[in-house]
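One structure is given here, and the rest of the page talks about it.
Where a number appears in this text, it was derived from the coordinates with a stated rule and is not lab data. Predicted model only: the values in this text are computed from it and were never measured. As a convention, Cβ positions derive from the backbone with ideal geometry for all residues, glycine included, and neighbour counts pool all protein chains shown.
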Amino acid sequence: MVAQCYVEGVSTRRVDDVVRSMGLTGISKSQVSELAKSLDEKVAAFRCRPLDAGPYTYVWVDALTQRVREGGRIVNVATVVAVGVNAQGYREILGVDVITTEDGAAWTAFLRGLVARGLSGVQLVISDAHEGLKAAIAAVLPGAGWQRCRTHFVRNLLTRVPKSAQAMVATLVRSIFEQPDAETTWAQHTRVVDQLTGRFPDAAAMLVDAAPDILAFTTFPKEHWRQIRSNNPQERLNKEIRRRTDVVGIFPNRPSVIRLVGAVLAEQHDEWAVGRRYMSVESLAKARLHVITSDHNDTEEVPALEHAS
């Protein structure tokens, strides 16, 4: 009961109140931590399970900062989480780990761990623009393309325009992503660049440079666009992780981060397994056989996997 309260994000004080209401003498913060260690075996099995439900056509990767005590001081570490869609169209939590910094070596080790457990068939990775992660994707998943999260991109772009114009520019840029097909999406991108060039040349240049990354989703089936053009589908998951970790505040060590976040993710994984399909089997089959017909490349029709590389 105490371990489950811990996972649910119940504060130590409230756990103590529950224990006292049961006629016991109460429980300390250290005792809660000790009892929570009963979760370790479950979390370890979850993190090490084979990834055998592939191919995992789409993978979303994100990182959340947590505070941990190390060497007598409080440091920030990154909790990295990978989510994928399996062959049956259900979402899975593929992996979770704690890294010191979001550099290429750390991301490479994380992705290699997923591949070692069976991750395969990845055609597109969706994430924020971490240079280390981009390099790791190219090294570990050479057949996969990269989609830069449009939400984070727009936030970064708005730093290049005056505050008074940010709402207008944001509306213009978002219109790029609301087009009915790939051709009109690229055409709208061109129009928006033209509109911004005169007043905001830095923003226009950034939009031009980022085009292949923020519009990578257009080479995949339209029914998937909403899910794969940003990391927004993970926002609810991130909020739930935050809700439960904020109760702790500062973790005593890294294993305690893995214990709590891993238990939360294991629960979410189980809920997804019995919930609605995230994508249809038919649409995923189309994604794997999708061909490029865009006028914005000079290649002949080839599978999306080859084009993405």
Would you calculate the separation in nanometres between label points at K42 and R276, each defined as 7 Å from the Cα along the Cα-to-beta-carbon direction? 2.7 nm
Would you give the gap between the C-alpha center of the range 266-284 and the C-alpha center of the range 158-183, rounded to a whole Å? 32 Å
Could you give each residue of the range 266-279 its phi-based ³J(HN,Hα) in whole Hz, using Karplus coefficients 6.51, -1.76, 1.60 with θ = phi - 60°, and x for Gly or Pro? 4, 5, 5, 4, 5, 5, 5, 5, 10, x, 6, 4, 7, 9
For the pairs K42/K134; K134/K239; K42/K239; K134/K163, note any where the Cα-Cα span goes beyond 28 Å. K42/K134; K134/K163
So the label point goes 7 Å from the Cα of A211 along Cα→C-beta, right? Which residues of the range 182-205 then have their backbone N under 17 Å from it? 182-198, 201-205
Quick shape check on the range 51-100: root eigenvalues a ≥ b ≥ c of the Cα gyration tensor, a/c under 1.5 is rounded, otherwise prolate if a/b tops b/c, else oblate, and it reads prolate
Under a point-charge model restricted to the Cβ atoms of Lys and Arg (+1) and Asp and Glu (-1), what is the dipole moment magnitude of the range 192-288 relative to its Cα centre, in debye to the nearest 20? 300 debye
